[in-house]
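Worksheet: the structure to be examined is printed underneath.
Coordinate-derived values only; no laboratory data. Since this is a predicted model, take the numbers as computed values, not measurements. Quick reminder, even Gly has a Cβ in these numbers, built from the backbone with ideal geometry, and neighbours come from all protein chains shown.
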Amino acid sequence: MKIDDNSMRDLVGAFTRSTKGDLEQNSIENDFVTANGEALYSWNYIFGSISKSAISNGLRYIVVNRNKIWKFVAVLSEDEEELVLFFKEKNLRNITSKFEGRPFHYLSCLLIKNAYLNGQEVVHQSTLFDSFDIDKKKEIDEKRTYEAQKMLKEDFDKIKTIYVCSKEEISGNVVSVTMNLFNERGEVVSQEDITKYMTLDYENTSAMNNANDKTPTIPKLKSEFNRDKEKPSIPREKRREKRENE
């Protein structure tokens, strides 16, 4: 993707930042006694950070209004011909696994821009799309295109490719980041591990042990998880004597 390393590092840092402190402070200031909708509300802080990061690196971002309760931020490349979206890996897998059954999900609609990548997927699997006749497929694609035009507005014609940046989480902690390129059908064309751009924060978020590729480390283990390690081991000779005397 046509975004330099420094800019990508800032964007990934913004995308993977912890929102725990922000949410707690917001609850205190508003005397909240419940935490309804925190998972959704946390995206406000993340998208705010992504937009600031884009501006500070001379990149342009867009805010897409998908419906009454969901807006999202996407960032354009330096030449503004590529657009990167941001997803949690779990949500992304859920969407792409049911892709043909939800042809008008906003990701599906935006990926109409990646139709030129059809045939370049790593693995092709027959889907519902394959069973549509030409007229039905044309009707679906026309609606997908219409929805994509509504979202991208004046940027629709210029944008050539859609990328999806995803973050994998374990127990709410980010452990890896991937830049995904899909074709129009939601099939993987390429995936690049960009975890190296993550800002390490061992207090609030999980981080990657750079010495071990793709191996997540948990920043703090609860004491009970360490107790077994603290038990003294019985010497081999003692264990043999114990078995002989039983």
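Calculate, for Glu192 and Glu38, the FRET efficiency according to 1/(1 + (r/R0)^6) with r their C-beta to C-beta distance and R0 35 Å; round to the nearest 0.05. Step by step, r from the Cβ atoms, then E = 0.70. With 5 Å bins beginning at zero, the pair-distance distribution over Cα atoms of the range 77-123 amounts to 5, 15, 24, 29, 20, 6, 1 %. Please compute the net charge surrounding Glu142, taking Lys and Arg as +1 and Asp and Glu as -1 over other residues with Cβ under 15 Å from its Cβ. Residues close to Glu142 contribute a combined charge of +1. With the Cα gyration tensor of the range 16-106 giving a ≥ b ≥ c as the square roots of its eigenvalues, does the rule (a/c under 1.5 for rounded; else a/b larger than b/c for prolate; else oblate) give rounded, prolate or oblate? Since a/c reaches 1.5 but b/c is at least a/b, the shape of the range 16-106 is classed as oblate. Histogrammed with a bin width of 10 Å, the alpha carbon distances of the range 1-56 distribute as 22, 43, 23, 9, 2 percent, first bin at zero.
Compute the relative contact order of the range 7-130 as a whole-number percentage, counting only Cα pairs closer than 8 Å that sit 6 or more residues apart in sequence. Please list the in-between numbers first.
Values: 85 pairs, mean separation 19.6, N = 124.
The normalised contact order for the range 7-130 reaches 16 percent.
If R0 equals 35 Å, the separation of the Cβ atoms of Val123 and Glu29 corresponds to a calculated FRET efficiency of about 0.10.
Annotation: peptides 138-151, 107-120, ranked by per-residue average of other Cβ atoms within 10 Å with the highest first, follow the order 107-120, 138-151.
Quick one: which of Lys68/Lys143; Lys71/Lys136; Lys71/Lys113 span more than 24 angstrom between C-alpha atoms?
On the way: Lys68/Lys143 20 Å; Lys71/Lys136 30 Å; Lys71/Lys113 20 Å.
Going by Cα-Cα distance, Lys71/Lys136 fall outside the 24 Å limit.
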